[in-house]
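Student: One structure follows; several queries about it will come next.
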Amino acid sequence: MGRASVKENKNLYQTTREELGLSREKASEQLQAILPDRIEKIENERSLPHPEEVLIMAQGYKAPQLCNYYCAKDCPIGQQYVPEIKSRELSQITLEMLASLNSMNRKQERLIEITADGEISEDEIEDFVKIQEELERISITVEALQLWSERMLATGAINVDKYNEIKNRK
C-alpha cells in the first residue's frame, strides 16, 4: 500500500477513498473503470471528474454524497443551482426539518397575504425574502434526508428490497 497523503484541504473524492482505507490502486481495482492516475488527477484537482466517473465512484465507494458534491462544486450549472448538502445524522435532519416546518406554519398566513394579489409590493419584499429563505432551508433539509436514505441503502443499513417494494406501491 502507498504512503498516506498528508495534503491539507483534501476534496471529498479523496477523503471518501481514504476513509475506506483504499490506495488509489485498490480503488481503481474496485471501481474497474477509473485508472489510478486518473483518480490522482481528480483528487489533486488537476482535472475535473466526468459525471460518469462520479457516478462510478459514488456507487463503488457506497457514497452517494459524491454526486451532490460534484453538482455543487464541479458542475458549472450545479454551482448556480445546487446547494452542497453536508452529511448529517438522522436525528439532526429531523430536528432541522421540524424547526423549519414550524417556522413556515407561522409564516404561511403572511405568504398568502403577500401573494394573494399576484404581485409583491415594496413593503412586502422583506417578508417575502425571509419566507423564501425558510423554504430553501426546508428544501435543503429534504435533500439531506434523501442523501441520508441513499447512503443507508448503499451501505445496507436499510433493506433495499423492502424499501423499493414499499416505495413502488402506488
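The values are calculated or read from the model by the stated rules, or taken from the named source; none is laboratory data. Here the structure is a predicted model, which means the values were calculated and not measured. Note: ideal-geometry Cβ built from the backbone for every residue, glycine included; neighbour counts use all protein chains shown. For accessibility, only protein heavy atoms count, side chains too; no ligands or nucleic acids. Shrake-Rupley method; radii C 1.70, N 1.55, O 1.52, S 1.80 Å.
Student: Using the structure shown, decide if GLU119 is more than 23 Å from the chain's Cα centre (by Cα), free of Cβ contacts under 8 Å to residues at least 12 places away in the same chain, assigned to a helix (DSSP H, G or I) and over 29 Å from GLU45 (Cα atoms). Before the answer, list the steps.
Tutor: Numbers: more than 23 Å from the chain's Cα centre (by Cα): yes; free of Cβ contacts under 8 Å to residues at least 12 places away in the same chain: yes; assigned to a helix (DSSP H, G or I): no; over 29 Å from GLU45 (Cα atoms): yes.
No; evaluated as a whole, the condition is false for this residue.
Student: Does GLU133 qualify as being assigned to a helix (DSSP H, G or I) and open to solvent by less than 50 Å² (accessible area, probe 1.4 Å)?
Tutor: Numbers: assigned to a helix (DSSP H, G or I): yes; open to solvent by less than 50 Å² (accessible area, probe 1.4 Å): no.
In short, no.
Student: In addition: Could you please let me know if ALA63 is among the hydrophobic types (A, V, I, L, M, F, W, C) and either part of a loop (DSSP other than H, G, I, E, B) or modelled with pLDDT under 95 (or both)? Explain how you work it out, then say what you get.
Tutor: Working: among the hydrophobic types (A, V, I, L, M, F, W, C): yes; either part of a loop (DSSP other than H, G, I, E, B) or modelled with pLDDT under 95 (or both): yes.
It is true that ALA63 is among the hydrophobic types (A, V, I, L, M, F, W, C) and either part of a loop (DSSP other than H, G, I, E, B) or modelled with pLDDT under 95 (or both).
Student: Is there a residue being among the polar types (S, T, N, Q) and over 21 Å from the mean Cα position of the chain (by Cα) anywhere in segment 87-104?
Tutor: Yes: segment 87-104 contains one or more residues that are among the polar types (S, T, N, Q) and over 21 Å from the mean Cα position of the chain (by Cα).
Student: Could you figure out which of (1) buried (at least 18 other Cβ atoms within 10 Å of the Cβ); (2) out of contact with any Lys or Arg (no Cβ under 9 Å at 6 or more places or on another chain); (3) within 30 Å of ARG38 (Cα to Cα) isn't true of LYS86?
Tutor: Failed condition: (1).
Student: Taking segment 91-114 on its own, how many of its residues are among the acidic types (Asp, Glu) and either open to solvent by 90 Å² or more (accessible area, probe 1.4 Å) or not in a helix (DSSP H, G or I) (or both)? Give the derivation first.
Tutor: Kept after step one, since they are among the acidic types (Asp, Glu), are these residues of segment 91-114: 96, 109, 113.
Okay, now just the ones that are also either open to solvent by 90 Å² or more (accessible area, probe 1.4 Å) or not in a helix (DSSP H, G or I) (or both), so 109, 113.
So the answer is 2.
Student: OK, next. Find all pairs meeting these conditions: Cβ atoms under 7 angstrom apart; at least six residues apart or on different chains; first residue within segment 16-37 and free of Cβ contacts under 8 Å to residues at least 12 places away in the same chain; second residue hydroxyl-bearing (Ser, Thr, Tyr) and assigned to a helix (DSSP H, G or I).
Tutor: LEU35/SER28
Student: Looking at GLU52, GLU8, can you tell me which residue is modelled with pLDDT of 95 or more, surrounded by fewer than 20 Cβ atoms within 10 Å (Cβ to Cβ) and not basic (Lys, Arg)?
Tutor: Numbers: GLU8 fails: modelled with pLDDT of 95 or more.
Going through GLU52, GLU8 in turn, the sole match is GLU52.
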